[in-house]
1. Would you mind checking the tilt of helix 29-41 against the longest principal axis of the Cα atoms of the chain, expressed as 0 to 90 degrees and rounded to 10?
2. Extension gain Lys43-Asn3, at 0.36 nm per residue separation less the Cα-Cα distance, in nm?
3. Sort 59-70, 76-87 by packing, meaning the average of other beta carbons within 10 Å per residue, with the highest value first.
4. Once ligands and nucleic acids are excluded and a 1.4 Å probe is used, how much of His53 is accessible, expressed in Å² to the nearest 10?
5. How long is the gain from Leu24 to Ala96 if the chain were fully straight, where each residue apart is worth 0.36 nm and the alpha carbon distance is subtracted?
6. Using only the Cα atoms of the chain, construct the convex hull and provide its projected area averaged over every direction, in square nanometres to one decimal.
7. Want the number for Glu66 to Ser88: 0.36 nm per residue separation, take away the alpha-carbon distance, what's left?
8. Specify the inter-centroid distance of segment 1-33 and segment 51-108, based on alpha-carbon positions, in whole Å.
Amino acid sequence: MSNVPPPIYSVLASDPDLQEIVQLFVDEMSDRIARFEAEFAAKNWAELGRAAHQLKGAAGSYGFAELSPAAATLENTIKANADEATISAATDHLIALCRRTTANPEPN
């Protein structure tokens, strides 16, 4: 049995009219991850919160609803002035989910 978490698929990925924009969203994910990592490393909580807020809205629009709650958790953790360890855990969780996104349609 594998401990590798499954990919996260967009519910829009199988729509031929939307496949291209879903692919663009996934292609930009490495830039988003890099931004999360850089803002965390700089302890720039305001910008990290803004990045999480942006992803929270965009993820749902692109059919990746699983990302939105994790992005909201990070945003709310920062707004609550949580300690660095708590922000780190929320950031790590969100990044782990982001790494699992794929533009391929879910197999049937």
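1. 10 degrees
2. On the way: separation 40, 0.36 × 40 = 14.40 nm, distance 3.13 nm.
Residue separation times 0.36 nm, minus the Cα-Cα distance, leaves 11.3 nm.
3. Working: 59-70: 19.2, 76-87: 13.8.
Highest to lowest by the protection proxy: 59-70, 76-87.
4. Answer for His53: close to 90 Å² accessible.
5. Values: separation 72, 0.36 × 72 = 25.92 nm, distance 1.90 nm.
So the extension gain works out to 24.0 nm.
6. Projected over every direction and averaged, the Cα hull of the chain covers 7.2 nm².
7. On the way: separation 22, 0.36 × 22 = 7.92 nm, distance 1.91 nm.
Extra length available between Glu66 and Ser88 comes to 6.0 nm.
8. Distance between centres, Cα-based: 13 Å.
The values are calculated or read from the model by the stated rules, or taken from the named source; none is laboratory data. Since the structure is predicted, the reported quantities are computational estimates derived from the model, not experimental observations. Ideal geometry is used to build each Cβ from the backbone, glycine not excepted, and the neighbour counts take in all protein chains shown. Heads up: the accessible areas ignore ligands, DNA and RNA and are worked out on the full protein's heavy atoms, side chains in. Shrake-Rupley method; radii C 1.70, N 1.55, O 1.52, S 1.80 Å.
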